[in-house]
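These notes concern the structure reproduced below.
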Amino acid sequence: MNEITTTIITTISTIIMQNLRLVTVDMVGTILRFAKPPVQQYLETAAKHGVKVEFRQLERSFLNHWGAMNTDLPHFGATSGMSSLVWWVSLVKGTFKDVLEDQFDEKTVAKIASELYSFYHSPRPYLVTDDGFESLQKIKEMKIKIGVISNFDNRLHDIIPAVGLTKFVDFVVTSEDAKHSKPEPGIFDFAAKKSKISGLEPHEVLHIGDDMDKDYFGARNVGWNSVLVDRWGGGYSLVEEEHVLQNITDVFKIDKF
């Protein structure tokens, strides 16, 4: 690609971005990443309380309970009269109970659950990705409003300032807030209203996330533009090649959403 072509593409991309009025981003996996796998953290926290379990067993049990809780009590209990704290404590207890069986001690696991909940409410488990930070900074410089749409509970409202992202983010929408989770249209509609942008049209919004169904197609199903973050280069045959980004900053090189 010669210099003239590169300049033309950059100019077109800039114009396209400037026509946007709202950019929304997924958080964990897109802008943030875990410092260590959550199951590993569960293991280490349990060990401090004298509880020893195998990684694979705990991982399998966690995934089983995660799936069941999201089916039976979706959106971290927001539509079931349950707080997200009680939701998470129930998940952790169930996860360990299935692994420990007759060695399960309610009081000990309750302490583990409480400690884990507090830990994931702090900035300690999270790292801000370099490309995520750079992209948010550039979007903010372009005077485009930025929102967060995350399948997370309401601790995220405290986590974002704790990791130093408040200056970029104009509003945050969680599953617990919206009583909907991606890819449901309700959470995207909730975010559009929360943006308070008058007369906002779907084609004026771009969503950036790392999950094909929840982020990329979830946003497109409500008429928004979207791109898919694929840092590991796994490839997605159902997504247009130019919409798949290994680095979020490549969004500024796209000539068509």
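The values are calculated or read from the model by the stated rules, or taken from the named source; none is laboratory data. The structure displayed is predicted, hence computed values, not measured ones. All Cβ positions, glycine included, derive from the backbone under ideal geometry; neighbour counts span all protein chains shown. To get the accessible areas, we keep the full protein, side chains included, count just its heavy atoms, and leave off ligands, DNA and RNA. Shrake-Rupley method; radii C 1.70, N 1.55, O 1.52, S 1.80 Å.
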task = Please tell me if V86 is open to solvent by 30 Å² or more (accessible area, probe 1.4 Å), out of contact with any Cys (no Cβ under 9 Å at 6 or more places or on another chain), farther than 28 Å from V128 by Cβ and modelled with pLDDT of 95 or more.
result = yes
ask   = Any residue at all in the stretch 44-66 that is free of Cβ contacts under 8 Å to residues at least 12 places away in the same chain, within 30 Å of N247 (Cα to Cα) and either more than 17 Å from the chain's Cα centre (by Cα) or open to solvent by 20 Å² or more (accessible area, probe 1.4 Å) (or both)?
value = yes
message = Need pairs with beta-carbon distance below 7 Å; first residue touching a residue at least 12 places away in the same chain (Cβ under 8 Å) and assigned to a strand (DSSP E or B) and within the stretch 242-257, second open to solvent by 40 Å² or more (accessible area, probe 1.4 Å) and among the hydroxyl-bearing types (S, T, Y); sequence gap 6+ or separate chains.
response = V244/Y236
inquiry  = Of everything in the stretch 243-254, what is open to solvent by less than 70 Å² (accessible area, probe 1.4 Å) and out of contact with any Lys or Arg (no Cβ under 7 Å at 6 or more places or on another chain)? Give them in sequence order.
reply    = H243, V244, L245, N247, I248, T249, D250, V251, I254
key: Condition met for V53 (assigned to a helix (DSSP H, G or I) and of a type in the set (V, I, T))   = no
request  = Looking only at the stretch 132-144, decide whether some residue is of a type outside the set (F, W, Y) and under 25 Å from V89 (Cβ atoms).
outcome  = no
query = Within the group D153, D230, which residue is touching a helix residue (DSSP H, G or I) at 6+ places or on another chain (Cβ under 6 Å), open to solvent by less than 50 Å² (accessible area, probe 1.4 Å) and among the acidic types (D, E)?
reply = D153
key: Breaking point among (1) outside any helix (DSSP H, G or I); (2) out of contact with any Ser or Thr (no Cβ under 9 Å at 6 or more places or on another chain); (3) open to solvent by 60 Å² or more (accessible area, probe 1.4 Å); (4) more than 30 Å from T249 (Cβ to Cβ), for S80   = (3)
task = Mind listing whichever residues of the stretch 167-179 are in contact (Cβ under 8 Å) with a residue 40 or more places away in the chain, out of contact with any Ser or Thr (no Cβ under 7 Å at 6 or more places or on another chain) and farther than 11 Å from I149 by Cα?
result = none
query = Has the stretch 130-140 got any residue that is assigned to a loop (DSSP other than H, G, I, E, B) and either farther than 14 Å from L32 by Cα or open to solvent by 60 Å² or more (accessible area, probe 1.4 Å) (or both)?
reply = no
